[in-house]
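Okay, structure first, notes after.
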Amino acid sequence: MPIKIDPWGTAVPEDYAKLMEEFGIEPFTDLLDRLPKAHHLMRRRVIFGHRDFGRVLDAMLSGEKFVVMTGLMPSGRMHIGHKLVIDQLIWYQDLGAKIYLCIADLEAYSARNVTFQEAYRLAVDEYLVNYQALGLDLERCHVYFQSRSNAVRHLAYVLAKKVNFNEMRAIYGFAGDSNIAHIFYPMIDVADILHPQLSEFEGPCPTVVPVGVDQDPHIRLARDVAARFQNEFGFIPPSSTYHYLMPGLTGEKMSSSRPETAIFLTDGVEEVKHKIRDAFTGGQPTAEEQRRLGGDPDRCTVYKLYLYHLAPDDEELLSIREACKSGAMICGDCKSRAIEAMTEFLNSHRLERERIRAKVKKLAEEIYSPRGAKGF
Ligand code: SF4
């Protein structure tokens, strides 16, 4: 049975290998040797696949212009699972990429019933302030709200001329009672991805979209549509990279709507303690068995915290892994170490967020204002 991916669903795609084969996603490991300084998420195979990333890599290595397109849907609180995309954006920005950051308030409205007013508040307080505090320089990014971008809305309408309903239904599984805003929304997403290549922005150039594999339907559609409009706009098909979604602390999908699955960037010390203490691990039922048999880091959500965020140094990660497998470390101690590292990170992040908050709010007002030049 063919695999169906729903970008708005909650299921974690389990069989990634089958998915790669079915949708023609290439392994990222083939490119690792060519990367100037591979990000730890790349070295650790968290970023596992790509489409046409070689084109972006060529531009990166030769100092030519390339774009990274990304988006955020302001429909909930920002959690540690979202951070892995920001880590990648910072890496790309350091390597000279122009970052386009879309605030998907139209998507939040059509798919999650979030009002535009609430989407604005969430986008600024929950996302942009955190992005800047994490180290992404928003002033060097092209940030825009979908609902305020005439260029994106206009392009979406133009591109929709060559996409029909049967195709949308085959890709997204829309039913007869799907609302029209939601059915049209993927064209907005395609326009988001392709509009940096319009002549009034960067012109045709390599573009990469770093995504979880759940977003692949949008990428496939964008690449198909780019080819259909090659003559009119000279689009270069967008490239993409795919990362494993970070599992929730309970072992299910990490989700803003289930706080026990996620550590939010605004969580306090006590919340962090409780969540990590209660996290699902790959440990043995008793400390004695753990010492004798060792644990299984690959099944452990605490280990994933180290893998993705808390141990950027490879040697440190390896020593945690070995101590777990050999039984030299028991889960209680391992969790205490993770709590300490996470608390330290969140405390310094909190200070940085307060330091830059006013600046980000001003930037957001300029972008959202009808008179604002940036993002229009
Ligand atoms: Fe997970 Fe740490 Fe226990 Fe190993 S020792 S299973 S990494 S919590």
Per-residue SASA entry for residue 292, accessible area with 1.4 Å probe, Å² rounded to 10:
150 Å²
At R0 = 25 Å, FRET efficiency that the Cβ-Cβ distance of residue 16 and residue 314 yields, to 0.05
0.65
Projected label distance in nm at residue 252 and residue 278, using a 7 Å step from Cα toward the beta-carbon:
1.2 nm
Stokes-Einstein D in µm²/s, Kirkwood radius over Cα pairs - the chain at 4 °C with 1.567 mPa s viscosity:
60 µm²/s
The extension gain from residue 181 to residue 361, computed as 0.36 nm times the residue separation minus the Cα-Cα distance, is 61.9 nm
For region 132-162 and region 306-356, what is the separation of their C-alpha centers, rounded to whole Å?
35 Å
What does the charge add up to near residue 281, with Lys and Arg as +1, Asp and Glu as -1, over the other residues with Cβ less than 14 Å from its Cβ?
+3
If R0 is 35 Å, what FRET efficiency do you get for residue 166 and residue 43 from their C-beta distance, rounded to 0.05?
0.25
Amide H neighbours of residue 99 under 5 Å, at least 5 residues apart or on other chains, H built in the peptide plane: list them.
68, 142
Using alpha-carbon positions, what is the distance between the centroids of region 53-67 and region 74-98, in Å?
19 Å
Give me the net charge for the shell around residue 52: Cβ to Cβ below 11 angstrom, other residues only, Lys and Arg +1, Asp and Glu -1.
+1
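Given R₀ = 30 Å, what would the calculated FRET efficiency be for residue 369 paired with residue 349, taking r from the Cβ atoms and rounding to 0.05? Spell out each step's value before the answer.
Values: r = 28 Å, r/R0 = 0.95.
After rounding, the FRET efficiency stands at 0.60.
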Hits for the chain under the membrane-span-like helix rule (DSSP H, Cα axial span at least 20 Å, Kyte-Doolittle mean at least 0.0) are 80-94, 180-194
So how much slack lies between residue 199 and residue 296, counting 0.36 nm per residue of separation and subtracting their Cα-Cα distance, in nm?
29.7 nm
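When the solvent-accessible surface of protein heavy atoms is calculated with a 1.4 angstrom probe, in what order do 202, 21, 315 fall, highest first?
Highest to lowest solvent-accessible surface, that is 21, 315, 202.
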Treating cross-link reach as a plain straight distance, find the lysines whose alpha-carbon is under 16 Å from the alpha-carbon of residue 361, omitting any fewer than eight places away in the same chain.
374
By accessible area with a 1.4 Å probe, ligands and nucleic acids excluded, highest first: order of 83, 161
161, 83
Lys/Arg +1, Asp/Glu -1 at C-beta; region 259-353 dipole; positive extreme among 329, 283, 306
283
What fraction of the DSSP beta bridges in the chain is antiparallel, stated in percent and rounded to the nearest 5?
30 percent
Could I have the simple spin-label model distance between residue 287 and residue 26, label points 7 Å from Cα toward Cβ, reported in nm to one decimal?
5.1 nm
Rounded to the nearest 10 Å², the accessible area of residue 182 at probe 1.4 Å:
40 Å²
With just the Cα atoms defining each centre, how far is region 100-122 from region 165-222? Give it in Å.
16 Å
Could you sort 249, 318 by accessible area so the largest value comes first, with the probe set to 1.4 Å?
318, 249
Less than 14 Å Cβ to Cβ from residue 66, Lys/Arg counted +1 and Asp/Glu -1: what total charge do the surrounding residues give?
-2
Under a plain spin-label model, where a point goes 7 Å from the Cα along Cα-to-Cβ, how far apart in nm are residue 118 and residue 341?
3.6 nm
If ligands, DNA and RNA are left out, what is the accessible area of residue 299 with a 1.4 Å probe, given in Å² to the nearest 10?
130 Å²
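The values are calculated or read from the model by the stated rules, or taken from the named source; none is laboratory data. Keep in mind it's a predicted model, so treat the numbers as computed, not measured. Cβ: placed from backbone, ideal geometry, glycine included. Neighbour counts: every protein chain shown. In case anyone asks, the SASA skips ligands and DNA or RNA and just uses the protein heavy atoms, side chains included. Shrake-Rupley method; radii C 1.70, N 1.55, O 1.52, S 1.80 Å.
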